[in-house]
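A.B. asks: Before I ask anything, let me first share the structure, which is written out below as structure tokens.
What follows is calculated from the coordinates using simple rules that are stated; it is not laboratory data. Everything numeric in this text was worked out from a predicted model, so none of it was measured.
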Ligand SMILES: Cc1cc2nc3c(=O)[nH]c(=O)nc-3n(C[C@H](O)[C@H](O)[C@H](O)COP(=O)(O)OP(=O)(O)OC[C@H]3O[C@@H](n4cnc5c(N)ncnc54)[C@H](O)[C@@H]3O)c2cc1C
């Protein structure tokens with residue numbers, strides 16, 4: 001193709017940055033336009049000040065955050081003393097294994113996005129970065145993909161050859177569940193504006209921890225002396241009482257030590273999984289799970305023995321995996337797991353079962369698009385909770401703050417069990433049925449995290465009406481199958497739609513990986529001059 005290809009990315013969060021990185025590193029000169037509905041270019045929703053408080057931490061340590069033009073630690077070292085002091089950072093303490101606040105990461109991403117664009121322009125690409133441009137529709141036509149945008153000056157249409165949707169998180173402003181109205185945790189001031197009282201938090205994973213810490217900061221003070229963290233209520237805020245309610249009433253485990261760069265797994269590695277895939281899709285999940293079991297039995301025999309013989313099957317494993325924490329109780333178990341995680345970090349000795357699960361579950365990504373309906377159901381019901389739990393390792397500072405609230409007697413966690421129900425109490429609060437009976441909250445904050453959504457829920461009516469099959473799952477390379485004959489292409493990396501079939505693809509390393517897949521496909525299409 002001799003004419004410069006016009007490419008658009010809708011959204012300017014991490015997914016857009018890593019996709020742009022792939023495109024701009026290609027040999028073909030392109031004309032790239034990036035739209036964002038907000039005035040914040042380059043940081044996305046979880047890393048944006050105002051949406052998030054500066055005490056909310058990223059759960060990936062700095063070296064795990066994929067570099068944009070330079071790694072996070074190098075960028076931090078380049079900042080002046082005033083900047084570091086404002087973030088309570090000493091230059092000598094900057095460490096590739098440390099966890100940093102998400103809003104600080106947002107600063108890194110914004111600055112790096114500018115660097116990336118400058119580097120792109122320097123090698124001959126044309127870039128247009130358009131903040132405050134809300135894309136309201138995407139219309140495939142025979143000769144182009146038309147993008148309709150609400151700009152600060154009114155509605156406009158732009159034609160492109162290829163469009164990547166990277167619209168990210170989608171949260172209802174007023175969430176509900178059953179017959180209950182919940183409070184959205186975004187922006188975080190929705191949480192901190194609540195008066196101290198009986199506050200419920202729906203969920204007990206990473207989003208719930210953000211909520212709890214925000215309530216603690218708003219209504220009291222965390223005193224941090226070395227590793228010890230205590231919490232004291234502010235005057236007249238003594239009424240604060242926080243209850244997490246979740247299905248099992250347990251929390252994920254604290255971050256632990258593991259080798260980085262990662263060490264290759266012996267059994268559940270990409271080559272072994274590819275070999276299983278070549279044998280066909282019959283019982284594929286069972287066969288790949290057998291590889292995971294071999295990994296666990298080999299690397300952590302004592303752990304597997306403690307889980308008991310039932311853990312040698314998918315059904316039994318998922319029950320056995322949670323049993324100890326369910327028996328000990330959510331917050332007591334959190335303290336116990338913190339002790340083990342601290343030891344792992346001090347001794348630089350990994351927790352073998354956790355490493356096998358953390359790295360092993362990522363390789364299940366290879367089979368997710370190929371599972372039969374029955375296997376997919378089993379995966380969602382049995383393995384998803386385990387993998388979601390092992391993926392959500394909590395930074396120790398957040399664990400200590402949660403435990404400080406527990407020690408101060410203002411935090412508890414109660415399982416709802418399978419028969420939960422939620423309804424408004426008629427006076428602005430919510431009634432929740434748990435295994436301990438009905439509990440009444442003055443407000444219930446929704447901390448369940450991002451829900452998956454089907455393609456037909458994309459907020460672009462003309463695009464949805466031209467999907468070949470709106471029930472299709474998104475499969476690699478994330479190019480939409482359209483009923484309109486067009487020379488253009490639309491790729492979808494919007495988070496809720498990606499999560500439908502790729503439920504663990506929402507961390508920053510995944511944004512990098514998915515961005516590479518899409519940018520590679522686009523560049524290949526340009527190179528072969530493909531149409532349609
Ligand atoms: C609370 C929270 C905490 C998280 N913490 C971590 C973490 O610690 N570590 C980790 O690795 N991952 C974390 N994640 C995962 C996170 O999903 C990704 O890191 C990342 O934010 C996904 O990037 P994105 O660009 O897809 O979406 P987003 O960050 O949501 O960005 C999407 C962008 O698109 C723009 N946009 C949306 N619609 C339109 C439109 N119609 N027109 C124009 N622009 C539009 C939005 O304004 C936004 O800027 C967290 C997620 C959440 C929700």
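A.B. asks: In deg cm²/dmol, rounded to 500, what helix-only [θ] at 222 nm does the chain give when every DSSP H run of at least 4 residues adds -39500 (n - 2.57) and the total is split over its residues?
C.D. replies: After summing the helix terms and dividing by the residues of the chain, the value is -11500 deg cm²/dmol.
A.B. asks: Still on this structure, I have one more. For region 1-145, what D do you get in µm² per second when you plug the Kirkwood radius from alpha-carbon pairs into Stokes-Einstein at 10 °C and 1.306 mPa s? Show your work: numbers first, answer last.
C.D. replies: Details: Rh = 16.5 Å.
Rounded, D is 96 µm²/s.
A.B. asks: P(r) tail for region 327-372, what percent of Cα pairs lie past 13 Å?
C.D. replies: Taking all Cα-Cα pairs of region 327-372, the fraction more than 13 Å apart is 68 percent.
A.B. asks: Grab the alpha carbons of region 270-391, take their convex hull, and tell me the volume per residue in Å³.
C.D. replies: 106
A.B. asks: What Kirkwood radius, in Å to one decimal, follows from the Cα pairs of region 394-474?
C.D. replies: Taking the inverse mean of 1/r over all distinct Cα pairs, region 394-474 comes out at 16.9 Å.
A.B. asks: Consider all pairwise Cα distances in region 405-524 and report the whole-number % of them above 21 Å.
C.D. replies: Counting pairs separated by more than 21 Å, the tail of P(r) holds 58 percent.
A.B. asks: Could you give me D for region 83-207, from Stokes-Einstein at 25 °C and 0.890 mPa s, where the hydrodynamic radius is the Kirkwood radius over C-alpha pairs? Units µm² s⁻¹, please.
C.D. replies: Answer from the Stokes-Einstein relation: 124 µm²/s.
A.B. asks: Separate question: Quick one: compute a quarter of the convex hull surface over the Cα atoms of region 188-324 and quote it in nm².
C.D. replies: Averaging across all directions leaves 12.5 nm² for the Cα convex hull.
A.B. asks: Further question: So if I average 1/r over every pair of distinct C-alpha atoms in the chain and take the inverse, what Kirkwood radius in Å does that give?
C.D. replies: It works out to 24.8 Å.
A.B. asks: Gap in Å between the Cα centre of region 283-336 and the Cα centre of region 123-144?
C.D. replies: 48
A.B. asks: Same structure, new question: Calculate how steeply helix 284-299 sits against the longest principal axis of the alpha-carbon atoms of the chain, using the helix alpha-carbon long axis, and give the answer as 0 to 90 degrees to the nearest 10.
C.D. replies: With both axes taken from Cα atoms, the answer is about 50 degrees.
A.B. asks: Another question about this same structure. So if I take the centroid of the Cα atoms in region 1-60 and the same for region 362-394, what is the distance between those two points in Å?
C.D. replies: 28
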